[in-house]
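Read-outs throughout are calculated quantities, based only on the coordinates presented, and are distinct from any laboratory measurement. These figures come from a predicted structure and were not determined experimentally. All Cβ positions, glycine included, derive from the backbone under ideal geometry; neighbour counts span all protein chains shown.
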Amino acid sequence: MSCIHQREDFFVGLGHPRCGTGFTTSLIASAGLDIGHEFVRENGIVSWMLPAERYRNPFNDAIGPLASFPNIFCIARSPLAAIPSIIPENHARESYKFRRHVIRERFGADHFAALRKHGPVSVAIASYTCWFELCLGFRPGVIFRVDREADDALLSEFLGTPVRRNDDIPRNSRPARRNKDFAPEMLADVPEPWLDRLAALCGRLGYDEDAAQIARHVGG
């Protein structure tokens, strides 16, 4: 692994499950870079598990501490669009257990257990918020929002090669796994400190419209 740490053509993509890591890998690969989704390839790896900085992950490859990797980027998705996908992801035992353990370890509290009584939306928000806070802690060179086509130019500049989305790149790896009952009004059941924290994160990720919508449910 040490031979790839300082390579300028090796890229490390971070994110959260169900937030576009698979799409982004396919997008980059379509530009000719040999990058793997949860596997290390010649030009890098994209994996939501990497913020844990483990040498072993529950699914596929891990690369350990990230400090020595210079080309880190973050893949983001609108939280209000992602929540319906994260809720069923939280029924995937290994994924849920891994994120719960890492968040408890890094933040010093079992937020998943504490929020369970407030419902699945609250747990999904805790996962999204804590995980992306971890991602941003690695100071990514660019935040690529998968739902903003204009961000293709930002990713192209970061990679040093043009990327262009097209209809042949799959948008959703599991289109049937989505909670269709979610509505923004359900945010009213989420503890306000978590809404405040999520709104602040939205600002850091560039989702100001989501932040404004979330803020409307604070103090309501």
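Details
- Per-peptide packing, taken as the mean over residues of other Cβ atoms within 10 Å, places 156-167, 130-141 in the sequence 130-141, 156-167 from highest down.
- Computed label-point distance, nm, for sites residue 68 and residue 113 using a 7 Å Cα→Cβ extension: 3.5 nm
- Beta bridges from DSSP with both residues in the chain: antiparallel share about 10 percent, rounded to the nearest 5.
- Extension gain, residue 216 to residue 31: 0.36 nm times the residue separation minus the Cα-Cα distance gives 62.5 nm.
- Residues in segment 12-27 reached by a label modelled at residue 166 [backbone nitrogen below 15 Å; 7 Å Cα→Cβ]: 26-27
- Taking the chain and dividing mean pair separation by its residue count, relative contact order in percent (alpha carbons under 8 Å, at least six apart): 22 percent
- Here residue 106 and residue 192 are evaluated by their C-beta separation; at R0 = 25 Å the FRET efficiency comes out at 0.65.
- Peptide packing: for 14-22, 193-201, the average count of neighbouring Cβ atoms within 10 Å per residue gives the ranking 14-22, 193-201, highest mean first.
- Radius of gyration (Cα atoms) of the chain, expressed as a multiple of 2.2 N^0.38 Å: 0.99.
- With Cα atoms, 0 to 90° folded angle of helix 79-89 axis to the chain main axis: 90 degrees
- Between 0 and 90°, nearest 10: helix 192-205 axis offset from the chain longest Cα axis: 30 degrees
- For the chain, the longest principal axis of the alpha carbon atoms and the long axis of helix 21-30 meet at an angle near 30°.
- Value of [θ]222 nm, deg cm²/dmol, for the chain, DSSP H segments ≥ 4, -39500 (n - 2.57) each, nearest 500: -12500 deg cm²/dmol
- Sequence-distant residues sharing a close amide H with residue 36 (under 5 Å, placed H): 41, 44, 45, 46
- DSSP bridge pairs, segment 1-122: antiparallel proportion in percent, nearest 5: 10 percent
- Charge dipole of segment 34-82 (Cα centre as origin; +1 on each Lys and Arg Cβ, -1 on each Asp and Glu Cβ, all else neutral): 160 debye, rounded to the nearest 20.
- Backbone HN-Hα couplings from phi across segment 51-61 [Karplus 6.51/-1.76/1.60, Hz, Gly and Pro as x]: x, 6, 6, 8, 8, 9, 10, x, 10, 6, 7
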